[in-house]
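Step one of this worksheet: look at the structure below.
Values quoted throughout were computed directly from the atomic coordinates according to the rules given, and no laboratory measurement underlies them. On a predicted model such as this, the values are computed, not experimentally measured, just so you know. Glycine also receives a Cβ, built like all others from the backbone with ideal geometry; neighbour counts cover every protein chain displayed.
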Amino acid sequence: MPKKIYILNGPNLNLLGKRQPEIYGHETLADVESACRQVASDAGLEIAFHQSNHEGAIIDLIHEARDSGAGIVINPGAFTHTSVAILDALNAFEGPVLEVHISNVHKRESFRHHSYVSLRADGVIAGFGTQGYQLAVQRMARLLGGQ
Ligand code: DHK
């Protein structure tokens, strides 16, 4: 059975492609999902792809991944910079965690420079645009012992 990875997206990422395209680009989240599915299927991985504007829903998905996920790729959106609860949930997950930011958060406002999730993440990708998700899935495949 293929290993399943969870790709989780936080608040406002449902607006990808429409929201501040000069920062987040023109691709939609559906475009990101289909690109990730392609990379994952090439690597023999299954994907559960989700977005929520609600912190608790993201935490519930991280808990679900404890039972059925081998790894987590997460772009927590603004919760990156605020959520100890998401950090705690990720700390309760045993597999690899990769943190993705579409924009280079370090080039932006200082409140975006700190990430609670980075205290848990095994790797962080920022500023590679939506391509960062595909790179994270490739890296996840390597971490999980695929190609
Ligand atoms: C997305 C967001 O919504 C912001 O709140 C983060 C992140 C950056 C991104 O670059 O993908 O600060």
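Couple of notes before you dig in:
- Prolate/oblate/rounded label for the chain (Cα gyration tensor, a/c 1.5): oblate
- Cβ-derived FRET efficiency at R0 30 Å, Glu94 paired with Ile23, nearest 0.05: 0.35
- Restricting region 17-115 to trypsin sites (Lys or Arg not before Pro) that sit in a DSSP loop and have at most 15 other Cβ atoms within 10 Å of their own Cβ leaves Lys18, Arg19, Arg108.
- Compared with the direct C-alpha span, the chain from Ala48 to Val84 gains 10.6 nm at full extension, assuming 0.36 nm per residue.
- Subtracting the Cα-Cα distance of Asp31 and Lys4 from 0.36 nm times their residue separation leaves 7.8 nm of extension gain.
- Karplus-based coupling profile of region 80-85, in residue order and whole Hz: 3, 9, 10, 9, 5, 5, with θ = phi - 60° in 6.51 cos²θ - 1.76 cosθ + 1.60 and x standing for Gly or Pro.
- Between the beta carbons of Lys107 and Glu64, assuming R0 = 25 Å, the FRET efficiency works out to 0.15 to the nearest 0.05.
- Computed helical MRE - 222 nm, the chain, DSSP H runs ≥ 4 contributing -39500 (n - 2.57), nearest 500: -11000 deg cm²/dmol
- Pairwise centroid distance, computed over Cα atoms, of region 95-121 with region 45-76, Å: 17 Å
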